[in-house]
């Protein structure tokens, strides 16, 4: 699905990371499976872990252990999350690649002159590294990660911080994502939301989207930015 975003081109574009800009599911799954193996649990695999992505690393770790019937208290979650990051950070781009359409659409959006920021529940440093390793960091003006001291999406705080960094008003912005947390965060922040299919969420998670795209590659045209001369 595509079409044009109602209300005219936005003055700022906020972008989710995992499942929207990059397909990181295999690296995340292999790391989680290695973490589980250290406690004697069998692997979950890429497809199952993909459904657990989106609420941050701690939630991913909790969901992975819960899948084996092992609830984690706060202390255990903190310890295993720290270990997860030790395992994950050196190999964060072993298999991770830009999602379909990103390699061409993101530069086109930057060339159109609209300011962009990445808003992710993933920690800041590894998010910056992934974007840099994949040649995407130079196209966005800011990255706001999930360890910046603000509540994670679906809370709107990360989006509002990014908008402040861009000097943009929520009513003049759009948030692009692949999950329910993105749609809910956009609504709470007062921005329009665009849902991109092909990520880690299902059709039910697109509720509240002003527009649904089959590929990130459709985004520049959908925003009306290229022919608007911006």
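Estimated translational diffusion coefficient (Stokes-Einstein, Kirkwood radius over Cα pairs, 25 °C, 0.890 mPa s) of the chain: 139 µm² per second. Average projection, convex hull of the Cα set of the stretch 25-91: 3.9 square nanometres. Modelled label positions at residue 129 and residue 97, each set 7 Å beyond Cα in the direction of Cβ, lie 2.2 nm from each other. To the nearest ten degrees, helix 74-88 and the longest principal axis of the Cα atoms of the chain are 70 degrees apart. Altogether, the Stokes-Einstein calculation at 4 °C and 1.567 mPa s, with the Kirkwood radius of the stretch 137-212 over Cα pairs as Rh, returns a diffusion coefficient of 103 µm²/s. The C-alpha atoms of the stretch 66-124 occupy a region whose extents along the principal axes are 48, 23, 22 Å, arranged from largest to smallest.
Helical content of the chain, expressed as a calculated mean residue ellipticity at 222 nm, amounts to -11500 deg cm²/dmol (DSSP H runs of 4 or more residues, -39,500 (n - 2.57) each, divided by residue number, nearest 500). Quick one: helix 57-66 against the long Cα principal axis of the chain, what's the angle to the nearest 10°, folded into 0 to 90? Once rounded, one gets 50 degrees.
Relative to the longest principal axis of the Cα atoms of the chain, the long axis of helix 124-133 makes an angle of roughly 70 degrees. Scoring 175-183, 82-90 by mean Cβ neighbours within 10 Å over their residues and listing the highest first yields 175-183, 82-90. In this rough spin-label picture, where each label sits 7 Å from Cα along the Cβ direction, the residue 82-residue 46 distance is 3.2 nm.
Readers should treat all values here as calculations from the given coordinates under stated rules, not as data from a laboratory. What you are looking at is a predicted structure, and each value in this text was computed from that prediction instead of being measured. All Cβ positions, even for glycine, are placed from backbone atoms using ideal geometry, and neighbour counts span all protein chains on display.
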